[in-house]
Amino acid sequence: MQTVWLSGAEWLAVLRIGLGLWWLESWRHKDRRGWFERGTGIAWAADVANKHRWTFVKGGFQLVVAPRPKMMAYIVVYAELALGLGLVFGFLTPVALVGGLLLNVLYLVLMIHDWAEQGQNAMMALISLVALLAMSWQTWSLDAAIGLFL
């Protein structure tokens, strides 16, 4: 494969790191006090789920998230941080890519009516899939440095 400036594997690492930075930005701009103390993030998601056109979304939210809103707020916020750090540093990269792909698909389904959110989550899911299938952790990663996932 011929590329400009970097090798193909290095461009995949750039893609992976960029996705990690995207997750870190998602974590950075969250009002964590609002999510943890006032429950704003989960309350917003509950409102979206209750108005969703697909009944299984509302049912799934009521079954999984609604009974434990505080715990789910911590899971969402710190999952985004962990995904970002894992991808930027290339640590447990396949785990981070699969986790990010699942989270983006979940966000995509929840926000099916919001075109801006759909575009962002679709792009992030696509990048996760490409980075996973191309094994982007082989270059510029802690995984490669310590011999994980060879």
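The values are calculated or read from the model by the stated rules, or taken from the named source; none is laboratory data. Just so we're clear, the structure is a prediction, and the values are computed from it rather than from any experiment. Note that each Cβ is placed from the backbone with ideal geometry, even for glycine, and that neighbours are counted across all protein chains shown. Accessible surface is based on the protein model in full, side chains and every heavy atom, while ligands, DNA and RNA are left aside. Shrake-Rupley method; radii C 1.70, N 1.55, O 1.52, S 1.80 Å.
For the structure I just gave you, tell me whether A131 is in a helix (DSSP H, G or I) and under 15 Å from the mean Cα position of the chain (by Cα). Spell out the reasoning first.
Working: in a helix (DSSP H, G or I): yes; under 15 Å from the mean Cα position of the chain (by Cα): yes.
So A131 fits the description; yes.
In the list A116, A144, which residue meets the criterion of being of a type in the set (G, A, S), at pLDDT below 95 and not in a loop (DSSP other than H, G, I, E, B)? Explain how you work it out, then say what you get.
Details: A144 fails: at pLDDT below 95.
The unique qualifying residue is A116.
Within segment 66-80, which residues are closer than 15 Å to R16 by Cα and either among the basic types (K, R) or outside any helix (DSSP H, G or I) (or both)? Full working, then the answer.
Quick first cut of segment 66-80, residues closer than 15 Å to R16 by Cα only: 80.
If the condition is that a residue be closer than 15 Å to R16 by Cα and either among the basic types (K, R) or outside any helix (DSSP H, G or I) (or both), then no residue fits.
Please state which of the following conditions W22 fails to meet, knowing it meets all the rest: (1) without any contact (Cβ under 8 Å) to a residue 60 or more places away in the chain; (2) of a type outside the set (A, V, I, L, M); (3) open to solvent by 70 Å² or more (accessible area, probe 1.4 Å).
The failed condition is (1).
Read through the list (1) over 30 Å from A145 (Cβ atoms); (2) open to solvent by 60 Å² or more (accessible area, probe 1.4 Å); (3) at pLDDT 95 or above, then give the number of the only condition that G34 fails.
For G34, the failing item is (2).
Tell me which residues, restricted to segment 99-109, are touching a residue at least 40 places away in the same chain (Cβ under 8 Å) and open to solvent by less than 30 Å² (accessible area, probe 1.4 Å). Full working, then the answer.
Our first condition is that a residue be touching a residue at least 40 places away in the same chain (Cβ under 8 Å); within segment 99-109, this holds for 100, 109.
Correct list: G100 only.
Is there a residue in segment 81-98 that is in contact (Cβ under 8 Å) with a residue 40 or more places away in the chain, in a helix (DSSP H, G or I), under 23 Å from M135 (Cβ atoms) and open to solvent by 80 Å² or more (accessible area, probe 1.4 Å)?
Taking every residue of segment 81-98 in turn, at least one turns out to be in contact (Cβ under 8 Å) with a residue 40 or more places away in the chain, in a helix (DSSP H, G or I), under 23 Å from M135 (Cβ atoms) and open to solvent by 80 Å² or more (accessible area, probe 1.4 Å).
Looking at (1) surrounded by 15 or more Cβ atoms within 10 Å (Cβ to Cβ); (2) of a type in the set (A, V, I, L, M); (3) part of a helix (DSSP H, G or I); (4) more than 17 Å from the chain's Cα centre (by Cα), which is the one condition that is false for L63?
Going through (1) surrounded by 15 or more Cβ atoms within 10 Å (Cβ to Cβ); (2) of a type in the set (A, V, I, L, M); (3) part of a helix (DSSP H, G or I); (4) more than 17 Å from the chain's Cα centre (by Cα) one by one, L63 breaks only (1).
Right, M71: modelled with pLDDT under 95, open to solvent by 60 Å² or more (accessible area, probe 1.4 Å) and either touching a Cys at 6+ places or on another chain (Cβ under 7 Å) or not β-branched (V, I, T) (or both) or not? Write out each step before concluding.
Numbers: modelled with pLDDT under 95: no; open to solvent by 60 Å² or more (accessible area, probe 1.4 Å): yes; either touching a Cys at 6+ places or on another chain (Cβ under 7 Å) or not β-branched (V, I, T) (or both): yes.
No.
Which number in (1) over 23 Å from G8 (Cβ atoms); (2) open to solvent by 60 Å² or more (accessible area, probe 1.4 Å); (3) in a loop (DSSP other than H, G, I, E, B) marks the one condition that H52 misses?
(2) is the only condition that H52 fails.
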